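Engineer: Shown below is the structure under consideration.
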Amino acid sequence: MAKSVRRVVLGVTGSIAAYKAPLIVRGLVKKGAEVRCVLTPSAERFVATLSLATVSKHPVALGMDDSALWEMAHLSLASWADLVLIAPATADFVARLAQGRAQGLLDALVLSTKSPVVVCPAMDAEMWEHPATKANISRIKEFGYCVLGPEKGELASGKIGRGRLVEPDEIVRSVFT
Ligand SMILES: Cc1cc2nc3c(=O)[nH]c(=O)nc-3n(C[C@H](O)[C@H](O)[C@H](O)COP(=O)(O)O)c2cc1C
């Protein structure tokens, strides 16, 4: 990614690794980026919107039907962003990206943006190794999305395997190098 990235949409999906999202926001902000967080409904179970709003200094966008959003957020955020970063990205979200779905705010935003998209998957090793996930990852790479990780290491299940979210510092470094 380019050093010129200034406006980042951070999309957070419903992985246990979503608790690391505020660290990613903090790292991006320290590098001088403006960050807007967009959560899937599932992600709200894993990370507090208050934490993300506080570190990004902006309200968190949750859905296309959010009455606080007076404009079409998926379109306005899609064109506002220099970069759309999805971290963590669930297996289901990757599948939706591969299908070009637009049902939720984050899905529609990715479909609408002309900016680079970076996807950082996080899931169980078994989910990562499934042929369906592999096919979905190949597909989104064909779309031009950059896939960062996942890493091998200790997973939420306690097992060791590939599926771990790339560390927040590393994600931030990748965005700016
Ligand atoms: C405790 C818990 C942890 C989960 N962690 C993950 C995960 O790390 N990766 C993943 O792909 N799905 C995980 N899931 C399943 C997703 O939450 C589920 O597929 C959800 O529908 C994803 O929604 P979203 O992609 O719209 O955010 C987890 C579910 C639970 C209950």
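Computed from the coordinates by the stated procedures, all read-outs in this text should not be read as laboratory data. If you're wondering where the values come from, they're calculated on a predicted model, not measured in any experiment. Virtual Cβ from ideal backbone geometry, glycine too; neighbours counted across all protein chains shown.
Engineer: Give the long-range amide H neighbours of residue 89: residues separated by 5 or more places, or on another chain, with amide H under 5 Å away, using H modelled in the peptide plane at 1.01 Å from N.
Structural biologist: Those qualifying (amide H under 5 Å, at least 5 residues apart or on another chain) are 120, 122.
Engineer: May I ask you to list, by number, the DSSP H helices of the chain whose Cα span along the axis is at least 30 Å and whose average Kyte-Doolittle hydropathy reaches 0.5 or more? Don't skip to the end; give the middle numbers.
Structural biologist: Values: long enough: none.
None pass (Cα extent of 30 Å or more, hydropathy at least 0.5).
Engineer: With a 10 Å radius around each residue's Cβ, average the other Cβ atoms per peptide and rank 32-44, 141-153, 85-97, highest first. Please report the intermediate quantities before stating the final value.
Structural biologist: Details: 32-44: 20.2, 141-153: 15.4, 85-97: 24.8.
The densest-packed peptide leads the list: 85-97, 32-44, 141-153.
Engineer: Compute the distribution of all C-alpha to C-alpha distances in the chain, in bins of 5 Å from 0, and list the percent of pairs in each, rounded to whole numbers.
Structural biologist: 1, 9, 19, 23, 23, 15, 7, 2, 0, 0
Engineer: If you don't mind, another one. FRET efficiency for residue 42 and residue 162, Cβ-Cβ distance as r, R0 = 30 Å, nearest 0.05? Before the final figure, lay out the partial values.
Structural biologist: Values: r = 22 Å, r/R0 = 0.74.
Working from the Cβ atoms, E equals 0.85.
Engineer: Starting from the amide H of residue 102, placed 1.01 Å from N in the peptide plane, find each other amide H under 5 Å away whose residue is 5 or more places distant or on another chain.
Structural biologist: Close amide H contacts, sequence-distant or interchain: none at all.
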